[in-house]
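Presented below is the structure to which this report refers.
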Amino acid sequence: MPGLTLKILDRPARVLLVEDNRGDVLLTREAFASAGVDTTLELAPSGEAALERLGGAGDRGRIPDIVLLDLNLPGIDGAEVLRAVRADPALEGVVVVALGASETADGLGRRGLWPDGSLEKPIRVERLMEVLATIGPFRLAPSREAES
């Protein structure tokens, strides 16, 4: 099976997975692997780690294109991470996809916080691509290894 890369415009998309459940992390990685999608998937195992990673992004080359955000995190929860992303001008354009039950994502809207999309867990790459297609120029493309 040829390898695919999740791309935004002409480069591989950078994905930050904010997830504290090790099983869900493994399922997400497996979903990408079984769909044949190669992507840079960085992990932040807590809201605190996500804020540290996002705040320390510094140059544009380290800012993720997509944040897959578990809403039910201990300590700093997903809503607070989303609030911080939306408040930081340096993170403008970062796509946030909320992970969890649709009712949980709807609850964010009632609090004035709107993710760009939402997905129920476990992640299905096909459904993620449907959500991303409505947001921006994300696509699956043959990976460099498959092209050569």
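The values are calculated or read from the model by the stated rules, or taken from the named source; none is laboratory data. Just so it is clear, the model here is predicted, and its values are computed rather than measured. Don't worry about glycine lacking a Cβ; one is built from the backbone with ideal geometry, like all the others, and counts go over all protein chains shown.
Within the range 1-17, the set of residues being modelled with pLDDT of 95 or more and either aromatic (Phe, Trp, Tyr) or surrounded by fewer than 19 Cβ atoms within 10 Å (Cβ to Cβ) (or both) is empty. The residue of the range 94-115 that is surrounded by the fewest Cβ atoms within 10 Å (Cβ to Cβ), among those that are modelled with pLDDT under 90 and closer than 22 Å to Ala49 by Cβ, is Thr104. Checking each residue in the range 18-30 for being farther than 17 Å from Gly75 by Cβ and crowded, with 18+ Cβ neighbours inside 10 Å picks out only Thr28. Note on the range 24-40: residues that are in contact with a strand residue (DSSP E or B) (Cβ under 8 Å, 6 or more places away or on another chain) and either outside any strand (DSSP E or B) or modelled with pLDDT of 90 or more (or both) total 8. If the condition is being part of a loop (DSSP other than H, G, I, E, B), within 13 Å of the chain's Cα centre (by Cα) and either surrounded by fewer than 20 Cβ atoms within 10 Å (Cβ to Cβ) or of a type in the set (Gly, Ala, Ser) (or both), then the range 46-93 contributes Ile63, Gly93.
One residue is enough: does the range 15-34 have a residue meeting the conditions among the hydroxyl-bearing types (Ser, Thr, Tyr) and out of contact with any Asp or Glu (no Cβ under 9 Å at 6 or more places or on another chain)? Checking the range 15-34: at least one residue is among the hydroxyl-bearing types (Ser, Thr, Tyr) and out of contact with any Asp or Glu (no Cβ under 9 Å at 6 or more places or on another chain). Of all residue pairs spaced 6 or more apart or on separate chains, those with beta-carbon atoms under 8 Å, a first member in the range 66-89 that is on the phi > 0 side of the Ramachandran plot and a second member that is hydroxyl-bearing (Ser, Thr, Tyr) are Gly75/Ser46.
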